[in-house]
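Structure first, commentary second.
The values are calculated or read from the model by the stated rules, or taken from the named source; none is laboratory data. Note that this is a predicted model, so its numbers are computed, not measured. With ideal geometry, Cβ positions are generated from the backbone for all residues, glycine too; neighbour counts draw on all protein chains shown. Ligands, DNA and RNA are stripped out before the accessible areas are found, and what is left, the full protein with its side chains, is counted by its heavy atoms. Shrake-Rupley method; radii C 1.70, N 1.55, O 1.52, S 1.80 Å.
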Amino acid sequence: MSAKIYRPARSAMQQGNAKTHQWVLEFDQQAPRTIDPLFGYTSSSDTLQQVKLRFESQQDAEDYARRKGIAYRVLPPKEKTVKVVSYSENFSPNRSQPWTH
């Protein structure tokens with residue numbers, strides 16, 4: 001049984017930073033997915049794929065994995081990059097590219 005520990009990024013539909021400060025322990029896929037021949041649904045007998053445990057810090061998640069004997073890997077968080085953009089820069093005479101509409 002193995003798992004990954006990561007801090008989720010915000011989704012494209014999300015404006016703020018809610019639910020991005022917690023760390024998540026998510027189990028890896030143990031059994032392959034199968035396709036049901038009658039309906040065509042994709043299914044799996046691995047129920048641990050449905051489990052996502054949330055922790056306040058990375059250390060808490062690692063401690064839990066060690067206590068339970070779960071092999072884990074930590075994915076480093078991707079920090080957001082802030083682009084400072086000003087509306088007045090569109091009309092600056094020092095633009096690198098000409099302004100077009």
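Quick look at the values:
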| item | result |
| --- | --- |
| Checking Thr20 against (1) modelled with pLDDT of 90 or more; (2) surrounded by 11 or more Cβ atoms within 10 Å (Cβ to Cβ); (3) β-branched (Val, Ile, Thr), the condition it does not meet | (1) |
| Output for the range 10-42, where each listed residue is part of a loop (DSSP other than H, G, I, E, B), closer than 15 Å to Gln58 by Cα and not β-branched (Val, Ile, Thr) | Lys19, His21, Gln22 |
| All positions within the range 71-94 that are within 18 Å of Arg7 (Cβ to Cβ) and either among the small types (Gly, Ala, Ser) or at pLDDT 95 or above (or both) | Tyr72, Arg73, Val74, Leu75 |
| Residue in the range 34-44 that is most open to solvent (accessible area, probe 1.4 Å), counting only those that are more than 18 Å from Ala3 (Cβ to Cβ) and not hydrophobic (A, V, I, L, M, F, W, C) | Tyr41 |
| Members of the range 68-97 that are of a type in the set (S, T, N, Q) and in a helix (DSSP H, G or I) | Ser88, Asn90 |
| Test: residue in the range 46-67 that is open to solvent by 50 Å² or more (accessible area, probe 1.4 Å), in a helix (DSSP H, G or I) and of a type in the set (Lys, Arg) | yes |
| Within the range 2-17, considering residues that are at pLDDT 85 or above and hydroxyl-bearing (Ser, Thr, Tyr), the one surrounded by the most Cβ atoms within 10 Å (Cβ to Cβ) | Tyr6 |
